[in-house]
Amino acid sequence: MTGTSVAAPAVAPVGARRWLVFALTTVVLWGVWGALASVSARHGFPETLVYCVWALTMIVPAVVVMHREKWKLDRDRLSILYGLLIGLTGAGGQMILFYAVTRGPPYLIFPIISLSPLVTILMSLVLLRERTNRWGALGVALALIALPLFDFSPQGFSFAQGAGWFPLALIVMLCWGVQAYFMKLANARMSAESIFFYMMVSGLLVAPAALAMTDFSKPINWGWDGPGLAAAIQVLNAIGALTLVYAFRHGKAIVVAPLTNAGGPLVTAVLSLLIAGVVPGELKLIGLALAFIASALLALAP
């Protein structure tokens, strides 16, 4: 043995990894939530009312985080604007998503949604002149190749029909990509708790529109497997949103946002495939594989 000592590898302290614990918790909770998102509608509780239940479940975590912050809310005009933009794009995407999962398979819808960082990166490129690295560029290219494969059939693209799940999934992807862009801007000037509070307020503001869209002339399941089951499922989303707040608080938005936006839908896709027990066609399988790779690259790209 020589007298030369070998330095032990540096290990990040637990506190430095706290953001990752919160972010991965969000990914798991949102992944399970997404796989169960269509259950309530199948039990006779319409998707518009599911949205209202979701909006209500956001109140408790919002109160919790604001109480911990002694109700220090960012109230300047720009903070309110950013908060409402983040909240309304998120809530709008959520309401469309609840409708989409009653029209199409979650194992195809959520991989498309997982590509929302594509929108964020393109907006940053055009509006902020930000550049991504070669992995991010590869992720963008693969995402653009993957998207058409989800709706391709020998008869052509069904997008022209306008009523399928595919255009709805694209709208959700767009909404959540725009949301992540403004979230990135907002985190430079606002607390994560304030952002979450405005998200909760925005969700409640959209609830009357969801109620107005509900057809109360049709039978509605008001039993425990109606609103009760919906609440149990939507709580997963609300708790995931709460852990997301702390992931932003302890980590960097440029890493946390794409990781959670891409990771949750991918967990949903895997769980949905297992639950459905189906094997998509060859082109859709290629689209799924490309979407998995693209979302990982987009999440890792700075």
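The values are calculated or read from the model by the stated rules, or taken from the named source; none is laboratory data. Treat the numbers as computed from the prediction; the structure is a model and nothing was measured. Positions of Cβ are generated from backbone atoms using ideal geometry, with glycine treated the same way; all protein chains shown enter the neighbour counts. Heads up: the accessible areas ignore ligands, DNA and RNA and are worked out on the full protein's heavy atoms, side chains in. Shrake-Rupley method; radii C 1.70, N 1.55, O 1.52, S 1.80 Å.
Pairs over the 31 Å Cα-Cα cut-off, from the set K184/K218; K252/K284; K70/K252: K184/K218; K252/K284.
A full extension of the chain between R134 and E282 corresponds to an added length of 50.5 nm, given 0.36 nm per residue minus the alpha carbon distance.
Each of I145 and D76 was given a label point 7 Å from its Cα along the Cα-to-Cβ line. The distance between the two points is 4.5 nm. Taken per residue, the accessible surface of the chain reaches 49 Å², heavy atoms only and a 1.4 Å probe.
In order along segment 139-145, phi translates into HN-Hα couplings of x, 4, 4, 5, 4, 5, 6 Hz, rounded to whole numbers, per the Karplus curve 6.51 cos²θ - 1.76 cosθ + 1.60 with θ = phi - 60° and x for Gly and Pro. Sorting W19, W176, W33 by solvent-accessible area of protein heavy atoms yields W19, W176, W33, largest first, with a 1.4 Å probe.
Couplings for segment 226-243, taken from phi via the Karplus curve 6.51 cos²θ - 1.76 cosθ + 1.60 with θ = phi - 60°, read x, x, x, 5, 4, 4, 4, 6, 6, 4, 4, 5, 5, 5, x, 5, 5, 5 Hz in order; Gly and Pro are left as x.
Residues E282, E69, sorted by accessible area with the largest first, give E282, E69 [1.4 Å probe; ligands and nucleic acids excluded]. Solvent-accessible area assigned to carbon and sulfur over the chain amounts to 70 percent, based on a 1.4 Å probe. Under the combined filter of DSSP loop state and at most 13 neighbouring Cβ atoms within 10 Å, segment 194-302 retains these chymotrypsin sites (Phe, Trp or Tyr not before Pro): F216, W222. Over the chain, dividing the summed -39,500 (n - 2.57) contributions of all DSSP H runs of at least 4 residues by the number of residues returns a 222 nm mean residue ellipticity of -23500 deg cm²/dmol.
Remark on E130: its backbone amide H falls under 5 Å from those of L125, a criterion applied only to residues 5 or more positions apart or on other chains, H modelled at 1.01 Å from N.
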